[in-house]
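The values are calculated or read from the model by the stated rules, or taken from the named source; none is laboratory data. Nothing here was measured: the structure is a model prediction, and the numbers come from that model. Don't worry about glycine lacking a Cβ; one is built from the backbone with ideal geometry, like all the others, and counts go over all protein chains shown. These area figures cover heavy atoms from the full protein model, side chains too; ligands, DNA and RNA do not enter into them. Shrake-Rupley method; radii C 1.70, N 1.55, O 1.52, S 1.80 Å.
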Amino acid sequence: MSRQPEKRGASAQPPLEGNPEAGEASSSSSRRLRPRSHEAEVSAETGNGGGVWPEPFVEAMAREVALAAAKGGGALAAAPAVVILFQVCSTWRTVSNSEILWESLARRVWGTGQTTLGTQSWRDEYIRLHLTASNFRLNRAKYTSIEFEVSSDSSGNGAGAACRCLALSPGYLAVGFFDGTVRIFSLTSKECVTTMKPVHVNRLGPLSRAIAGIVMCDDRVVFASFDGSVFVGSVSTGYVRCAHTGNVVNDGTLVDFTGCERFWVGLYAGIPGHACHIWDAVTEQLVFNAGDITDSEALRGWRLLTEQAERVGRVRISNDGILLTATRLKVAVFDLETYGLSFSRDEIAVDQQQLLVETVDTNKDRFLTASDNGTARIRRITDFEEVGRFSFDEVAAENNSTSTSGSGGNNNNNRKVLGSLNTWQAFICVDGVVHAWDANSGMRLHRLEEQMGEVFDLVADDEHVVGCAVDTGIHLWSFRP
């Protein structure tokens, strides 16, 4: 089927090519410098002391200037600050070609942990990161509505056509469906490259094969279904096999699934004391089976096997290997390496302010939660210290006022709220419309214009935002420069 054409925003200009105004620099640091005289350049090169400043010294100064600018004005302020520094003299401009400097700034300003480059140099990589963050800030996105072939054996309630969950990797988007199918789409071509539909046995309930969660690591795809079965597939070959056969009677319903290179984690609801299952991702052996965080959600867990209902719980893994589990009543974290023996922390939801499970997400050392009172919070995952807070009640009211239903006002009980967190922004989808806030200041930034309808999942990374809806399919916003 054909897909809709992309919407393209204005292109951003590179911050390091004579464009000090790029980004969010202060007005004083973004003024263009007047041309310097030859005497002034000589004075700068010698430092008025008769000797030429060595390149390592200038590199160190540039690094400190960039970090100070980033600390005071955010990561986007770093590039304009060093551009001004490089204009001091010709000798200092040569430092702008230092790969050591740009690798250090890419890691310290943008927090990138990659070991291999997708660009030609660390300078190009820094420019790419800056432009991508600027596109997020200014809402410059290429929008695509991704279409797909509906499964021929979709059940009468439309389960086969409905997307259930999403996962992003650097090159691919994985989409899990209620009929147990996983489709892999190329983020470049937006076309489906692989379809995986494993055989399920011992089904219990019409939705027992619905996909609960997906993990993507390079060419490897790991996904799990409501009945507790875990499957491993390959993007390049399309081959899929069962790594673990679920047992609903003994473990309950698998309500969410996540993982990393070291572990896979499943969150179950239905049987007391069996909330968390942890597998070693290398050996594929179950190494942990315990936990009570979902014990009070047993009935809701069983209902997922027969009806398309809201999420019961959420599991996420931070970059440091800390597992976050959440239900509407409680948030808990513990260290995966020791299965909670050396580190654990939990928090009971405030009375009459239940957590909205579908807003829970992690990014690096922080996590996002939102409550049904209209407040979202960003906290550090190790100590729960709050680093940001904002309210989305206002945007919910705006959505209602512009809708054709004429309901007016804000109905906390009926609104559908999902959330996701990337390095720079927090995204809250309220009744099918995605809004963005600055993840550090909590300042409201913008909204994505396209409306999705009834949304089942929302994910974001440092290049994309993706949502899947019942009637309108898959919606992709790319902020790549």
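Pull up the cross-link candidates among the lysines for Lys190, meaning alpha carbon to alpha carbon under 24 Å and not fewer than 8 places away within one chain.
Once the sequence-local lysines are set aside, what remains near Lys190 is Lys7, Lys142.
What list of ³J(HN,Hα) values in whole Hz, one per residue of segment 89-105 in order, does the Karplus curve 6.51 cos²θ - 1.76 cosθ + 1.60 (θ = phi - 60°) give from phi, with Gly and Pro shown as x?
Once θ is set to phi - 60°, the couplings for segment 89-105 become 6, 5, 5, 5, 5, 5, 5, 5, 9, 6, 5, 4, 5, 5, 5, 4, 5 Hz.
Report Phe334's accessible area, 1.4 Å probe, all protein chains in place, as a number in Å² to the nearest 10.
30
With a probe of 1.4 Å, find how much accessible area segment 59-106 has per residue, and write the answer as a whole number in Å².
Details: 1750 Å² over 48 residues.
Counting only protein heavy atoms, the per-residue value for segment 59-106 is 36 Å².
Taking R0 as 45 Å, what FRET efficiency do you get between Leu299 and Asn440 from their Cβ-Cβ distance, rounded to the nearest 0.05?
Here the calculated transfer efficiency is 0.70.
Using a 10 Å cut-off on Cβ atoms, rank the peptides 269-278, 117-126, 372-381 from the highest mean neighbour count down. Each step should come with its number before you reach the end.
Working: 269-278: 21.6, 117-126: 16.0, 372-381: 18.4.
By packing density, highest mean first, the sequence is 269-278, 372-381, 117-126.
For Val193, which sequence-distant residues (separation of 5 or more, or a different chain) have an amide H within less than 5 Å of its own amide H, given hydrogens modelled in the peptide plane?
Placed amide hydrogens put Ile184, Phe185, Ser186 under 5 Å from Val193.
So if we plug the beta-carbon distance of Thr338 and Arg241 into 1/(1 + (r/R0)^6) with R0 = 30 Å, what FRET efficiency do we get, rounded to 0.05? Don't jump to the answer; show the numbers that get you there.
Working: r = 30 Å, r/R0 = 1.00.
After rounding to 0.05, the efficiency reads 0.50.
So how do Lys190, Lys197, Lys71 rank on accessible area, 1.4 Å probe, biggest first, that is with the largest at the start?
The residues order as Lys71, Lys197, Lys190, largest area first.
Using a 1.4 Å probe over the heavy atoms of the protein chains, calculate the carbon and sulfur portion of the accessible area of segment 279-355 as a whole percent.
Values: 1800 of 3950 Å².
Roughly 46 percent, rounded to a whole number.
Net charge around Ser169, counting only other residues with Cβ within less than 9 Å of its Cβ (Lys, Arg = +1; Asp, Glu = -1)?
Surrounding charge for Ser169 is -2.
Taking square-rooted eigenvalues a ≥ b ≥ c of the alpha carbon gyration tensor, is segment 226-339 rounded, prolate or oblate, where a/c under 1.5 means rounded and, failing that, a/b exceeding b/c means prolate? Show your work: numbers first, answer last.
On the way: a/c = 1.73, a/b = 1.19, b/c = 1.45.
Oblate, since a/c reaches 1.5 and b/c is not below a/b.
Using 0.36 nm times the number of residues separating Asn373 and Arg480, minus their current alpha carbon distance, what extension gain do you get?
Gain on stretching Asn373 to Arg480: 35.1 nm.
Which of the lysines could a cross-linker span from Lys71 if the Cα-Cα distance has to be under 20 Å and same-chain partners fewer than 8 positions apart are dropped?
List returned: Lys364.
Quick one: grab the alpha carbon gyration tensor of segment 318-372, order the square roots of its eigenvalues as a ≥ b ≥ c, and give me rounded if a/c is under 1.5, else prolate or oblate depending on whether a/b is larger than b/c.
In terms of gyration-tensor shape, oblate.
If you rank Met443, Met61, Met452 by how much accessible surface each has, with a 1.4 Å probe, what is the order from largest down? Don't jump to the answer; show the numbers that get you there.
Values: Met443 90, Met61 50, Met452 5 Å².
Correct descending sequence by accessible area is Met443, Met61, Met452.
Please state the shape class of segment 192-277: rounded when a/c is under 1.5, otherwise prolate if a/b exceeds b/c and oblate if not, all from the C-alpha gyration tensor.
Verdict is oblate for segment 192-277.
Leaving out ligands and nucleic acids, note down the accessible area per residue over segment 272-337 with a 1.4 angstrom probe, in whole Å².
On a per-residue basis, segment 272-337 sits at 41 Å².
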